[in-house]
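Throughout, read-outs are computed from the coordinates displayed, never taken from laboratory work. Computed from a prediction, not measured in an experiment: that's the story for all the values here. A quick note on method: Cβ atoms are made from the backbone with ideal geometry, for glycine too, and the neighbour counts reach across all protein chains shown.
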There are 2 protein chains.
Amino acid sequence: MKWEQLTAEQQHEVNRQLDTIRRGVADIVPEAALKQKLIQFVVTGEPLKVKLGLDPSAPDIHIGHTVVLHKLRQFQELGHEVQLIIGDFTGRIGDPTGKSETRKQLSEEDVKRNAETYQKQIYKVLDAHKTKFYYNSQWLGAMNFADVLQLAGKLTVARMLERDDFAKRYAGGQPIHIHEFFYPLMQGYDSVALHTDIELGGTDQTFNILMGRTLQNAYDSGEGDGQVAILMPLLEGLDGVQKMSKSLGNYIGIDEAPNEIFGKTMSIPDELMLKYYELTTSISNEELAGLRQGLEDGSVHPRDAKVRLAKQYVAMYHGQEAADEAEQHFVTVFQKRSLPEQIDEVTLAADQLEAGTISVFKLLTALGLQASGGEARRSVAQGAVKLNERKITDPNEQLQPQTGDIIQVGKRKFAKIVMQ
Amino acid sequence: MKWEQLTAEQQHEVNRQLDTIRRGVADIVPEAALKQKLIQFVVTGEPLKVKLGLDPSAPDIHIGHTVVLHKLRQFQELGHEVQLIIGDFTGRIGDPTGKSETRKQLSEEDVKRNAETYQKQIYKVLDAHKTKFYYNSQWLGAMNFADVLQLAGKLTVARMLERDDFAKRYAGGQPIHIHEFFYPLMQGYDSVALHTDIELGGTDQTFNILMGRTLQNAYDSGEGDGQVAILMPLLEGLDGVQKMSKSLGNYIGIDEAPNEIFGKTMSIPDELMLKYYELTTSISNEELAGLRQGLEDGSVHPRDAKVRLAKQYVAMYHGQEAADEAEQHFVTVFQKRSLPEQIDEVTLAADQLEAGTISVFKLLTALGLQASGGEARRSVAQGAVKLNERKITDPNEQLQPQTGDIIQVGKRKFAKIVMQ
């Protein structure tokens, strides 16, 4: 079906979908194929199959991961169907050379538990009724040696060595084991097995996702053109510089406590706020444009916009009530008081706590606000110590520190806690 | 067990075996491992497993192939066991890209028929009672994707790209499909599956055979050191220059007619004769030394040595009686008559015959001895045409030309036929 053969209404719908899909994406490869698939959709009403692969070894989702989830949700709202693939086959094999930490072998129970965690978290963004879950062991586990050779025959060594990390390692004389070639091949084959129309991923997944397109066309099921890659930008973390990731500690986990999510969101650099809105919320294009305008002309204060973002996150992952409470907590603690504009952040490691708590005098020394436990006890006795502006009277009081808590000694010493 | 712990008798036996094994080989890699395996053998009496892989697509054996077969026979005579692997798994997969003529997909019947041909031919050299036949589909066909990844994880891409032909193709920008990496891996895995001690092959198989050693050590079955590669020189064909091969037409097929084998053997260049003796007959080291001496000091005429070689071939592949007859035929036709010392060879293609025959007058023109059929008929009528010194009287007589046949027109025109 060609564009010219569509009714005006159908053309309008295709354009509407394209506009929504294009929002915030880094790249669509090839865009013409996406349009053609949408034409097909408006004519037949057959939902497009939109795929996302999930690493079964790391089920904790943070806001960075939700970039693709929100794009998937948009597809669902446009009438399409989401395919979530748990890469359990790869996870259960692990790394044959035993050298890669990130390819630790998972048991069947690990995979199941991680998949359940995924589902619980993911359905906070996605519509469960329009989402199909798959385990790729279903088809990859059924392949024999001959099938694998068929798969391997679809690609050349030179093409595979074009992948950035392979190219660098090969050029640098670092070993690439032959089985590593199969991770992109397997991911690509998932799309063959599921007749995927569109695959989503971060820009760092470009090679692997285009592999799916290549393989679909190589297996040539006669269904026309291979899948389209929709590549999302990588979201910078709280530091505003590096990709949000758990290992860098610059993340907002969607399963974190409401006050944690709220507090961390308030620490996002102002200049990234619109990007967070665009990529990780369900804000409409119109609202987004209004917000951008307001921030530019000064009619919206960045802090208010950030509060709204923080409330949206908490509401999405913990419910509206929790969002209201978190806002209240924040306002009480951080705004209705006379604290210095800048307070130094001090990191507190989880293992400095016992069962999540720590006594006041220990906390004061741990944060470096007091030189010794004795000094700390004296300060408390003098009524000089406050936690979030509440005066502490018992040096042995057990506190549950959270990121954003502010502890104060006398009039000059402040520390803002960052939990790790 | 160490060398010093052996009895003098055992040491002598190891040395005797080493001497026999070393004869005519191009390389043994690593030789120390071979010695160690022989020590193990003389101590335990457990035969070494000596492997040869066979291509299931080309079952016609020529003298060039018998180089490895004779080495295997020596191993059998030394008390060891031969493993012949029919590579039916590879043959039945064919080439996944469909591009390689040499990797045509074979049916189960093809494979079976070819294997039977192999057995019939090979047991003319090998002792059937000390030979085990295997089909590698038995273990390769049972491997699933996870097993294949385990296998692929044993080797790096860089190491694989060291193989000569891969290196050249990669450097030259010619495509190498990823499945091609699996041919050496599969051959190597055969040795893992069969606990092979020693693998034989031509020097062109060095990379693939050492792969078996690498893989055995990588799978580390705890049986000690991996297999030893025994690499045989490539035998030059009748042209004395290129490797004997069917496609070059410079071969002696062991299933050819006795007179063909005899005649072709007589056309081997003198300087290659000792190499043929050494590599493709069961001559003892002592006899070989005597023959070398005789040829050097002139006490043995090269032609007589070649007749002996030709008889050995015919005897080996068609029996002693056939050998005697072929010698008689040769003597009658080529020696007891007054033919010029040098007769030009003229090549005759098989497709110039009909059902293997050709009429005399057509043969004369095909060989260029006569300008036309009419001229040829007249020469026959004049009694001027002879085939192997037999006068031809009927120009329509159907002949079955064989390599070495000499056809004569008048007193001056001679041609020696070379069939192709």
Among A:GLN382, A:LEU369, A:LEU18, the residue whose Cα sits farthest towards the positive end of the charge dipole of chain A (+1 at Cβ of Lys and Arg, -1 at Cβ of Asp and Glu, taken about the Cα centre) is A:GLN382
Residue-ordered couplings for segment B:172-181, obtained by feeding phi - 60° into the Karplus form 6.51 cos²θ - 1.76 cosθ + 1.60 and rounding to whole Hz (Gly and Pro as x), are x, x, 7, x, 10, 7, 4, 5, 4, 4
The aspartates and glutamates whose Cα lies under 20 Å from the Cα of A:LYS246, excluding any fewer than 8 residues away in the same chain, are A:ASP55, A:ASP60, A:GLU101, A:ASP110, A:GLU116, A:ASP204, A:GLU236, A:ASP255, A:GLU256, A:GLU260, A:GLU345, A:ASP351
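Evaluate the relative contact order of segment B:258-335 (contact order divided by residue number), counting alpha-carbon pairs under 8 angstrom at least 6 apart; express in whole percent.
Numbers: 58 pairs, mean separation 34.1, N = 78.
Value for segment B:258-335: 44 percent.
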To the nearest 20 debye, segment B:170-225 has a Cα-centred charge dipole, built from +1 on Lys and Arg Cβ and -1 on Asp and Glu Cβ, of 200 debye
Looks like segment A:345-419, by Cα gyration tensor root eigenvalues a ≥ b ≥ c and the a/c under 1.5 rounded cutoff (else prolate when a/b is bigger than b/c, oblate otherwise), is prolate
With a 24 Å threshold on alpha-carbon distance, the violating pairs from B:LYS104/B:LYS132; A:LYS243/A:LYS275; A:LYS49/A:LYS168; A:LYS71/A:LYS120 are B:LYS104/B:LYS132; A:LYS49/A:LYS168
Rg from C-alpha atoms of segment B:187-338, normalised by the globular rule of thumb 2.2 N^0.38 Å, equals 1.33
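Enumerate by residue number the GluC sites (Glu not before Pro) in segment A:326-420 meeting two conditions: DSSP loop (anything except H, G, I, E, B), and at most 16 other Cβ atoms within 10 Å of the site's Cβ.
Working: sites: A:GLU327, A:GLU341, A:GLU345, A:GLU354, A:GLU375, A:GLU389, A:GLU397; in loops: A:GLU341, A:GLU389, A:GLU397.
Here the sparse-neighbourhood loop sites are A:GLU341, A:GLU389, A:GLU397.
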Measuring from its Cα centre, chain B shows a charge dipole (+1 at each Lys and Arg Cβ, -1 at each Asp and Glu Cβ) which, in debye to the nearest 20, is 920 debye
Expressed in angstrom and rounded, the centroid-to-centroid distance over alpha carbons for segment B:1-75 and segment A:1-77 is 65 Å
What helix-only [θ] at 222 nm does chain A give? Using -39500 (n - 2.57) per DSSP H run of at least 4, over all residues, to the nearest 500, the answer is -13000 deg cm²/dmol
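Counting other Cβ atoms within 10 Å, which trypsin sites (Lys or Arg not before Pro) in segment A:261-311 have at most 15 and lie in a DSSP loop?
On the way: sites: A:LYS264, A:LYS275, A:ARG292, A:ARG303, A:LYS306, A:ARG308, A:LYS311; in loops: none.
Within segment A:261-311, no trypsin sites (Lys or Arg not before Pro) qualify (loop, at most 15 other Cβ atoms within 10 Å).
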